[in-house]
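Asker: Got a structure for you, questions after.
Any read-out appearing in this document is the output of simple, stated calculations on the displayed coordinates, not a laboratory observation. These numbers come from a predicted model, not from an experiment. As a convention, Cβ positions derive from the backbone with ideal geometry for all residues, glycine included, and neighbour counts pool all protein chains shown.
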Amino acid sequence: MFSSILTTLGNCFKIPELKSRIVFTLLMLLICRMASLIPTPGLNSHQLADWFHAGGGKNLGSGLLGMYSMFTGGGFEKCAIGSLGIMPYISSTIVIQLLQAVLPGLSKLAREEGGRTKLIQRGRYLTVGLCLIQGAALALSWEHPTSVFGNDFPGNLVQNPGWWYRIQTTLILTTGTILLMWLGEQITDRGIGNGISLIITIGILARLPAMGQGLWDMFGAVDASGDHQYNIFQFIAMLLLLGGVIAGIVAVTQAQRKIPVQYAQRVVGRKTYSGGSSFMPLRVNYAGVMPVIFASAILMFLTFIPKFLGQRFNNHAVGVLMVQLADSLNRGSILYLILYGLMILFFSYFWVATQFNEIQIADDMKKGGGYIPGVRPGQATSDFLHRTMSRITLAGAIFLTAIAVIPIIMSSWMKIPQNVSQFFGGTSLLIMVGVMLDTMRQMEAQLLTRQYPGFLKKGKIKGRF
């Protein structure tokens, strides 16, 4: 199997157009990595990096800031010019998508010719606004590090605090994100794969050396009696778990329910369109990784609020109650896992409800002369699609919940380092596998059009949900 994949990769470089696209993509990703390594002027960036490496950020690593630093490829820890990463652009894209389900004008614009281009342009403007807000907030957090990283943070990050530092840092961070956004769009147009997704993936893959160091520390460290803390059987079990999780993600990511659609013969003017049969693919994991991101962000704020109130009312009964509530919501607790799972289930259905318009699909099928065998066109088709999507969404949501809690259980209950456990599930593995599959599909399409074999001879999953 591996020899076949290597042969296929070699065939990619035999096609001049595909070769140029791959080389262009790699060069653009290299520039993106540089943006997460170049420090922002006016900051003692080595202090924050040393503090994280010394274990000062172990509590932050399990929260939203740790996930944010992972998406920036470590740029946040290094106070780099790309510390904001590509997340403001992703946030603006998500906001535009959600507004399409609320504002009829945006929904109509998305269906018009050239409407997608206008929506992308509005997303860029919104990205600039978010960058200015988040950049200013990040500049203030670096100016007052103890308010974000805790009282145990040593020293100051800013060399010359003041308004000039805040304006300069905000503009630099905004420019870094705009550069990453432009590079991602260039990769999508002139390279291979989705540029924005590849930028996130390359940032996650930059954590692999830290994972290797963590594994070395786990199986190379000895306790007070001179014995190793972890043995070879636990290492094999972790490898089997990693393989099983990746296989499950691949299977569910590609899984879909194929709804048969029959088209009747119809006459439009002087043209006669013959009937035929097709199918409508309904993805099991329709929401992708979005429910996990939403649930993690909301739980982070739900944990922060009781901690803040507990510190504010330290000498009152309300403060004691808030501290107890914050302790019960610590990452890895039973209450945290229950709320986390319920939120993933909720946001899975929320994303489907806002993005999957079964009424419009049923109307388009009726106008095109299509129908589902055994189901009447119109309202009955819409109800059938709603019931079917609800059932398969439940399966996808349960799968997302299981994948999301695996790193938490490994880190909190099994005492496995966070930089190791994050590659056994959660958002990082979901994003990496999904992006790799999408990139392989595009490369395979280029190969098949030129009579070259693809990566996998049998890649389709046969089954129904």
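Asker: Using the basic label-point model (7 angstrom from Cα toward the beta carbon), what is the V320 to A297 distance in nanometres?
Answerer: 3.7 nm
Asker: Moving on to the next point. How large is ³J(HN,Hα) for each residue in segment 278-291, as worked out from phi by the Karplus curve 6.51 cos²θ - 1.76 cosθ + 1.60 (θ = phi - 60°), to whole Hz, x for Gly and Pro?
Answerer: My calculation for segment 278-291 gives 8, 8, 10, x, 10, 6, 5, 9, 5, 7, x, 9, 4, x Hz in order.
Asker: Using only the Cα atoms of segment 17-206, each taken as one equal point scatterer with no solvent, compute I(q) by the Debye sum, divide by I(0), and report log10 of the ratio at q = 0.10 Å⁻¹.
Answerer: -0.45
Asker: Set the Förster radius R0 to 60 Å, insert the Cβ-Cβ distance between K367 and L241 as r into 1/(1 + (r/R0)^6), and round the FRET efficiency to 0.05.
Answerer: Once rounded, the FRET efficiency stands at 0.75.
Asker: Between N357 and S91, what is the label-point separation in nm under the 7 Å Cα-to-beta-carbon projection?
Answerer: 2.7 nm
Asker: For segment 101-222, report the % of Cα-Cα distances exceeding 23 Å.
Answerer: Here the tail beyond 23 Å accounts for 59 percent of pairs.
Asker: Same structure again: Filter the cross-link list K78/K118; K258/K366; K19/K78; K108/K366 down to pairs whose alpha-carbon distance in this structure exceeds 24 Å.
Answerer: Over 24 Å Cα-Cα: K78/K118; K19/K78.
Asker: Please list, in chain and number order, the residues 5+ apart from A80 or on another chain whose amide H is under 5 Å from its amide H, with Hs placed from the backbone.
Answerer: Correct list: T40.
Asker: How do 21-28, 181-188 rank on mean C-beta neighbours within 10 Å, highest first?
Answerer: Per-residue Cβ counts within 10 Å, averaged per peptide and sorted highest first, yield 181-188, 21-28.
Asker: How much length is gained on full extension from I334 to L27, taking 0.36 nm per residue of separation minus their Cα-Cα distance? Intermediate results must be reported in sequence, preceding the final value.
Answerer: On the way: separation 307, 0.36 × 307 = 110.52 nm, distance 4.52 nm.
The span from I334 to L27 would gain 106.0 nm if fully extended.
Asker: Give me the number: length gained by fully extending A110 to N231, i.e. 0.36 nm times residue separation minus the C-alpha to C-alpha distance, one decimal in nm. Let's see the in-between values first.
Answerer: Numbers: separation 121, 0.36 × 121 = 43.56 nm, distance 5.60 nm.
Extra length available between A110 and N231 comes to 38.0 nm.
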